[in-house]
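Shown next, in structure tokens, is the structure this report addresses.
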Amino acid sequence: MSDLNELSKAIIQYQEKTSMSDAQLAFSSHFSVERIHDLKAGEKAATPEETEKLMAFINQN
């Protein structure tokens, strides 16, 4: 397993802080649950737009 990237770490830390499930995060941030899983696992790289949108969501909440 590869090291987690910064976005993956941010997602995990946010979920730990808020006790938010993947489904809740997906619904709230307007991403699919599958995409949240991929990003958290580092399976697929986020686009710059996805990174910007998710980081904005995390930082605002």
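The values are calculated or read from the model by the stated rules, or taken from the named source; none is laboratory data. From a predicted model like this one, the values you see are computed outputs, not experimental measurements. Positions of Cβ are generated from backbone atoms using ideal geometry, with glycine treated the same way; all protein chains shown enter the neighbour counts.
Given the options Gln13, Gln24, Gln60, name the one that is without any contact (Cβ under 8 Å) to a residue 12 or more places away in the chain and under 10 Å from the mean Cα position of the chain (by Cα).
When all the criteria are applied, what remains is Gln13.
Among all positions in the stretch 12-33, there is no residue which is of a type in the set (D, E, K, R), at negative phi and at pLDDT below 95. Would you confirm, using the coordinates I've provided, whether Glu43 is modelled with pLDDT of 95 or more and among the acidic types (Asp, Glu)? No: the conditions fail for Glu43. Which of the residues spanning the stretch 1-29 are in a helix (DSSP H, G or I) and exposed (fewer than 15 other Cβ atoms within 10 Å of the Cβ)? Scanning the stretch 1-29 gives Glu6, Lys9, Ile12, Gln13, Glu16, Lys17, Thr18, Ala23, Gln24, Phe27, Ser28. Taken together, the criteria exclude Lys53 from residues that are modelled with pLDDT under 95 and touching a helix residue (DSSP H, G or I) at 6+ places or on another chain (Cβ under 9 Å).
If I filter the stretch 30-57 down to residues being among the hydroxyl-bearing types (Ser, Thr, Tyr) and under 11 Å from the mean Cα position of the chain (by Cα), which single residue comes out as surrounded by the most Cβ atoms within 10 Å (Cβ to Cβ)? Among those residues, the one meeting the criterion is Thr51. For the stretch 30-61, the set of residues classified as under 19 Å from Asn5 (Cα atoms), not hydrophobic (A, V, I, L, M, F, W, C) and not in a loop (DSSP other than H, G, I, E, B) consists of Glu34, Arg35, His37, Asp38, Lys40, Pro48, Glu49, Glu50, Thr51, Glu52, Lys53, Asn59, listed by residue number. Scanning the stretch 16-50 for residues that are acidic (Asp, Glu) and in contact with a helix residue (DSSP H, G or I) (Cβ under 6 Å, 6 or more places away or on another chain) gives a single hit, Asp22.
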